[in-house]
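What follows is one structure encoded as structure tokens, with my remarks underneath.
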Amino acid sequence: MQIFQYPDQSQWAALQQRAAAQQAQEVEQRVLGIFQDVRQRGDVALRDYAQQFDGVQLQDLRVTPEEIAAAAAQVPAELQTAIRQAHANILRFHEAQRPHEERVETMPGVLCWRRAVPVQRVGLYIPGGTAPLFSTLLMLGVPARLAGCPEVVLTTPPQKDGSVNAVILFTAQLLGISTIIKAGGAQAIAALTGGTDSVPAVDKIFGPGNRFVTAAKQLATRYGVAIDMPAGPSEVLIIADDSAVPAFVAADLLSQAEHGPDSQVILLSDSMSVIEQTKAEIARQLTTLPRAAVASQALEESRAILLRTPEEMLYFSNQYAPEHLILAVRNPEQLGEGVTSAGSVFLGHYTPEAVGDYASGTNHTLPTNGYARNYSGVSLDSFLKKITFQRITTEGLLNVGPVVETMAEAEGLSAHARAVTLRLEAITGD
Ligand SMILES: NC(=O)c1ccc[n+]([C@@H]2O[C@H](COP(=O)([O-])OP(=O)(O)OC[C@H]3O[C@@H](n4cnc5c(N)ncnc54)[C@H](O)[C@@H]3O)[C@@H](O)[C@H]2O)c1
Ligand SMILES: N[C@H](CO)Cc1c[nH]c[nH+]1
Ligand SMILES: [Zn+2]
């Protein structure tokens, strides 16, 4: 982790660059090729990529009901209980997001309202390249179920023995999801986009993944499929003042660094002592971390930056727009008021980001790569479309009709005006 002291504002843009940005074009080209291949060769291509990337020769791409039924027996009771508790918390938080909308009478007799309707066919991508993220299945499956999406298709990379991780299957069973496809990476996204013999096409694709998955999701939008957001390699930015505990800060940085070599972690502090102690803590904690090699790679591209004030640090963070923002400061709520761009914010010394990853109730599928500037994380809303309805009575048309006639004529769209005029004549008998 490189340290920068009081960098001039003209250097900030370079410090805010994501490391993975340099390979973006290469990844896009790779993904484009995979996409076209899956669209042409369907299941055959999916099997070839499983062999190439996941090291497994697959016959059936779909998980069988027997495989799902056998999963629970392989999941320790303690883990089952933890998953059920996390499920309950996530359910509770997302249930509170149900939209309550009123019918609005904008003029007497002019009634307008909206109805939330679930996206009909959704695809959930569950990462599994280096760690089977069953927690992500809770984050996507709970709101999909709450929204009432009728068709839910889950895809995840197969394990070396051709199976899907038992905890993912157990979690799917808990959520009542039974269409499970053994496919990962860009090829899975391509399959969900166009459909194959084994994979149903969907209307919207959800879920995080590495840069290949994220680039593929962005490509899917060109084929008329919606996506939740670009949710790529994990990030955390920590703002730490001199009240911060270096061991906690180091652990939080490492928790995101261990996701993948292209994870990005940034520490901002107005205390050089906190930066130095955190750096020492990182080195100490790395020695006992099973994924130290992955985390170390991510740390090579990560930064610790000494700035002057909490306001300056927040300004930097809002420009960077991190996926996760931790405010390890004396008055986190006060500083938090000024956050304008971040996926999810963690306040105070006892709010580790890892709790949001698993079990507090908030969603961990969040925008990365600066997309927190213009996207929100996944919520119940992501699985709902809002359809507007209106009903106009004769009294209503007498009230609003003349407004429309005037505006339509002014835009030179006489057929619009006539659709009103004919009815007004029928009402008034003129
Ligand atoms: N933003 C979020 O909300 C969020 C949430 C959870 C996880 N994540 C991120 O998800 C990612 C999970 O990554 P992962 O790799 O472990 O699993 P993954 O499932 O996203 O990707 C694995 C697949 O990538 C494909 N792949 C690997 N190397 C390739 C190559 N050279 N060319 C083409 N395709 C290739 C393979 O098909 C493989 O099956 C991590 O970066 C993690 O930080 C983000
Ligand atoms: N931190 C990830 C989102 O960037 C989510 C996750 C899943 N499991 C552990 N963490
Ligand atoms: Zn995490």
Residue identified as out of contact with any Gly (no Cβ under 6 Å at 6 or more places or on another chain), of a type in the set (Gly, Ala, Ser) and away from ligand 3 (no atom under 16 Å from the Cβ) among Ala257, Ala231, Ala251, Ala293: Ala293
Residue in region 329-353 that is surrounded by the fewest Cβ atoms within 10 Å (Cβ to Cβ), counting only those that are under 16 Å from the mean Cα position of the chain (by Cα) and within 16 Å of ligand 3 (Cβ to nearest atom): Val345
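One line per residue, one yes/no per condition, for (1) within 22 Å of the chain's Cα centre (by Cα); (2) assigned by TED's automatic domain parsing to the domain that holds Ser360; (3) under 27 Å from Val294 (Cα atoms); (4) without any contact (Cβ under 8 Å) to a residue 40 or more places away in the chain:
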residue: Leu15; (1), (2), (3), (4): no, no, yes, no
residue: Ala19; (1), (2), (3), (4): yes, no, yes, no
residue: Gln29; (1), (2), (3), (4): no, no, yes, yes
residue: Leu46; (1), (2), (3), (4): no, no, no, no
residue: Asp54; (1), (2), (3), (4): no, no, yes, no
residue: His87; (1), (2), (3), (4): yes, no, no, no
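Which ones in region 165-207 are part of a loop (DSSP other than H, G, I, E, B), under 18 Å from the mean Cα position of the chain (by Cα), away from ligand 2 (no atom under 16 Å from the Cβ) and buried (at least 19 other Cβ atoms within 10 Å of the Cβ)? Steps first, answer last, please.
Initial filter on region 165-207 (part of a loop (DSSP other than H, G, I, E, B)): 165, 176-178, 183-184, 195-203, 207.
So of that shortlist, the ones also under 18 Å from the mean Cα position of the chain (by Cα) come out as 184, 202-203, 207.
From what's left, away from ligand 2 (no atom under 16 Å from the Cβ): 202-203.
Residue satisfying the conditions is Val202 alone.
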Cross-chain or 6+ apart pairs with Cβ under 6 Å, region 127-140 first and within 24 Å of Arg92 (Cα to Cα), then of a type in the set (Phe, Trp, Tyr) and assigned to a helix (DSSP H, G or I): Ser135/Tyr358
Matching entry among Thr136, Thr130, Thr214 (being assigned to a helix (DSSP H, G or I), closer than 30 Å to Glu300 by Cα and at pLDDT below 95): Thr214
Selection status of Ala82, touching a Gly at 6+ places or on another chain (Cβ under 8 Å), part of a helix (DSSP H, G or I) and not polar (S, T, N, Q): no
Selected residue (only one of Ala50, Ala96 is more than 30 Å from Leu299 (Cβ to Cβ) and exposed (fewer than 11 other Cβ atoms within 10 Å of the Cβ)): Ala96
For Ile305: the one exception among (1) within 16 Å of ligand 3 (Cβ to nearest atom); (2) out of contact with any Ser or Thr (no Cβ under 7 Å at 6 or more places or on another chain); (3) within 19 Å of Gln17 (Cα to Cα); (4) in contact (Cβ under 8 Å) with a residue 60 or more places away in the chain: (1)
Pick from region 260-274, criterion of a type outside the set (D, E, K, R) and more than 19 Å from Pro310 (Cα to Cα), ranking: farthest from ligand 3 (Cβ to nearest atom): Pro261
Qualifying residues in region 217-267 (those that are within 16 Å of ligand 1 (Cβ to nearest atom), in a helix (DSSP H, G or I) and not assigned by TED's automatic domain parsing to the domain that holds Thr156) - the one surrounded by the fewest Cβ atoms within 10 Å (Cβ to Cβ): Ser255
Identity of the residue in region 240-264, hydrophobic (A, V, I, L, M, F, W, C) and free of Cβ contacts under 8 Å to residues at least 40 places away in the same chain, that ends up farthest from Gln16 (Cα to Cα): Ala247
Some residue of region 102-111 being under 17 Å from Phe383 (Cβ atoms) and either surrounded by fewer than 17 Cβ atoms within 10 Å (Cβ to Cβ) or away from ligand 2 (no atom under 16 Å from the Cβ) (or both): no
Matching residues in region 357-389 - criterion: being touching a Cys at 6+ places or on another chain (Cβ under 6 Å) and surrounded by fewer than 14 Cβ atoms within 10 Å (Cβ to Cβ): none
Given (1) exposed (fewer than 15 other Cβ atoms within 10 Å of the Cβ); (2) within 12 Å of the chain's Cα centre (by Cα), index of the condition Glu411 fails: (2)
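The values are calculated or read from the model by the stated rules, or taken from the named source; none is laboratory data. Quick caveat: nothing in here was measured; it's all calculated off a predicted structure. A quick note on method: Cβ atoms are made from the backbone with ideal geometry, for glycine too, and the neighbour counts reach across all protein chains shown.
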